[in-house]
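S.K.: Provided herewith is a single structure, encoded as structure tokens, for subsequent inquiry.
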Amino acid sequence: MECAEVGDDVLGDDPTVIELQNRVAKLFGKQAGLFVPSGTMSNAVAIRAHTVPGDEIIIDKISHIYRYEGGGYAAMSGVSVALVDGEKGLMSADQVQSAIRKAEGSQGHYPDGTLVCVENTANLGGGTCYSQTTFDAIAAVARENGCKSHIDGARIFNAVIAQGVEPARMCRDYDSISICFSKGLAAPVGSVLVGSKEFIAKAHRWRKMFGGGMRQAGVLAAAALYSLDNNIERLSEDHERAKKIALAIADMNNFTVDLNTVQTNMVYVECKMPASELVASLAELGIDLFDTGANTVRIVTHLHITDEDVQRIISAFDAL
Ligand SMILES: Cc1ncc(COP(=O)(O)O)c(C=O)c1O
């Protein structure tokens with residue numbers, strides 16, 4: 001980051017940002033990329049560029065876009081949502097087909113379903129991954145119904161490593177993908193949105209209007225480039241550590257873990273005690289977790305969690 005060559009990305013001449021955008025676009029088999037400050041902005045810009053107010057997006061009921069992005073889709077894009085009751089954050093192609101409503105033929109009753117958004121891995125689903133067959137089938141349903149398709153790929157590389165599928169193949173049939181560098185890839189800031197040249201040109205304008213243009217952003221892009229070179233293959237270590245933690249906690253009396261959902265770097269634990277108490281107790285030991293419900297906590301493994309930490313976490317749960 002210290003050595004990054006910088007320019008002014010608002011004027012489009014920051015060489016490090018350009019390199020990052022081009023590399024990510026190529027990796028995902030798309031024409032162009034756009035560096036943005038956050039995953040939330042990446043999704044917001046994508047939704048805005050794919051839709052017009054009065055449209056409807058089709059999305060899982062526990063997706064991050066619906067749950068945790070402040071209702072930005074409504075405020076900034078003026079779209080409604082058709083919620084799909086997926087399984088662990090994963091929708092089926094049939095569910096998506098049933099959820100798509102079209103204005104045409106409804107005598108003005110329906111909004112226009114024009115965008116299908118999938119999340120891979122699905123955060124609230126437990127870090128679950130789509131099978132390639134279902135992933136392709138959903139994109140096909142979107143296309144057949146005149147909808148665009150967007151992947152919230154905040155953790156797409158976790159899915160890539162867990163499934164052993166190349167990013168370009170995995171995302172081949174989708175119009176846009178948002179990829180975060182500030183999660184498992186361990187960079188401090190930033191996401192890249194990729195898609196066709198035409199789509200990214202539109203997204204660039206929305207990024208400007210949303211206030212997401214950054215000037216000497218090469219310092220941040222440099223960290224993302226580092227993570228592309230160094231932190232992708234090693235995600236398998238995070239997955240192994242998450243599995244180890246999950247198996248150990250699933251064996252304890254006070255906790256329940258759905259081991260089927262432990263496919264990547266997350267472990268959701270149901271606990272008998274209030275989750276807030278558990279979080280507070282572990283924080284005293286220097287172990288930071290999220291409570292995601294009254295009796296649910298989320299454990300996430302990442303670059304900085306070692307095998308010794310795994311043992312410490314297991315012992316701390318065992319002592320509760
Ligand atoms: C699936 C998913 N999408 C998008 C985001 C938003 O990313 P950011 O926090 O960078 O806005 C997150 C954040 O955790 C996420 O889990």
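S.K.: Which value, in debye to the nearest 20, describes the size of the charge dipole of the chain about its Cα centre when Lys and Arg Cβ atoms bear +1, Asp and Glu Cβ atoms bear -1, and nothing else is charged?
M.R.: 760
S.K.: Now for a different question. Gain in length, Ser276 to Tyr68, computed as 0.36 nm per residue apart minus the alpha-carbon separation, to one decimal in nm?
M.R.: Working: separation 208, 0.36 × 208 = 74.88 nm, distance 1.92 nm.
Using 0.36 nm per residue and subtracting the Cα-Cα distance, I get 73.0 nm.
S.K.: Still on this structure, I have one more. Need one number: nm distance between label points at Thr134 and Ala250, each 7 Å from Cα along Cα→Cβ, rounded to one decimal.
M.R.: Those two pseudo-labels are separated by 1.8 nm.
S.K.: Rounded, prolate or oblate: which one fits the chain, using the alpha carbon gyration tensor with axes a ≥ b ≥ c (rounded when a/c is under 1.5, else prolate when a/b beats b/c, else oblate)?
M.R.: Oblate, because a/c is 1.5 or more while a/b does not exceed b/c.
S.K.: Now for a separate question. Residue separation times 0.36 nm, minus the C-alpha to C-alpha distance between Asp318 and Glu144: what's the value?
M.R.: 57.5 nm is the gain from fully extending Asp318 to Glu144.
S.K.: While we're looking at this one, here's another question. Would you kindly state how much longer the chain becomes between Ala168 and Gln311 on full extension, computed as 0.36 nm times their sequence separation minus their alpha carbon distance, in nm to one decimal?
M.R.: Separation in residues times 0.36 nm, less the Cα-Cα distance, equals 47.8 nm.
S.K.: On to the next question. For the chain, what number of Lys pairs, 8 or more residues apart or on separate chains, have alpha-carbon atoms under 23 Å from each other?
M.R.: 26
S.K.: With a length cut of 20 Å (Cα positions projected on each helix's long axis) and a Kyte-Doolittle mean of at least -1.0, go through the chain and give me the DSSP H helices that pass.
M.R.: Sorted by number, the helices that extend far enough and score high enough are 235-250.
S.K.: Pop a pseudo-label 7 angstrom from the Cα along the beta-carbon direction at both Asp85 and Leu285 and give the gap in nm to one decimal.
M.R.: 3.9
S.K.: Which loop GluC sites (Glu not before Pro) in region 72-120, with loop taken from DSSP, have no more than 16 other Cβ atoms within 10 angstrom of their Cβ?
M.R.: Here the sparse-neighbourhood loop sites are Glu104.
S.K.: Which distance in nm do the two modelled labels at Asp94 and His302 give, with both placed 7 Å along the Cα-to-Cβ direction?
M.R.: For Asp94 paired with His302, the spin-label model returns 3.9 nm.
S.K.: Would you compute, from DSSP H runs of 4+ residues alone, the mean residue ellipticity of the chain at 222 nm, taking -39500 (n - 2.57) per run and dividing by the full residue count, rounded to the nearest 500?
M.R.: After summing the helix terms and dividing by residue count, I get -12000 deg cm²/dmol.
S.K.: How about region 235-320: which trypsin sites (Lys or Arg not before Pro) there are in a DSSP loop, with at most 16 other Cβ atoms within 10 Å of their Cβ?
M.R.: Answer in residue order: Lys272.
Rule-based calculations on the coordinates, nothing more; no lab input. Nothing here was measured: the structure is a model prediction, and the numbers come from that model. Methodologically, a virtual Cβ is constructed for each residue, glycine included, from the backbone with ideal geometry; neighbour enumeration extends over all protein chains shown.
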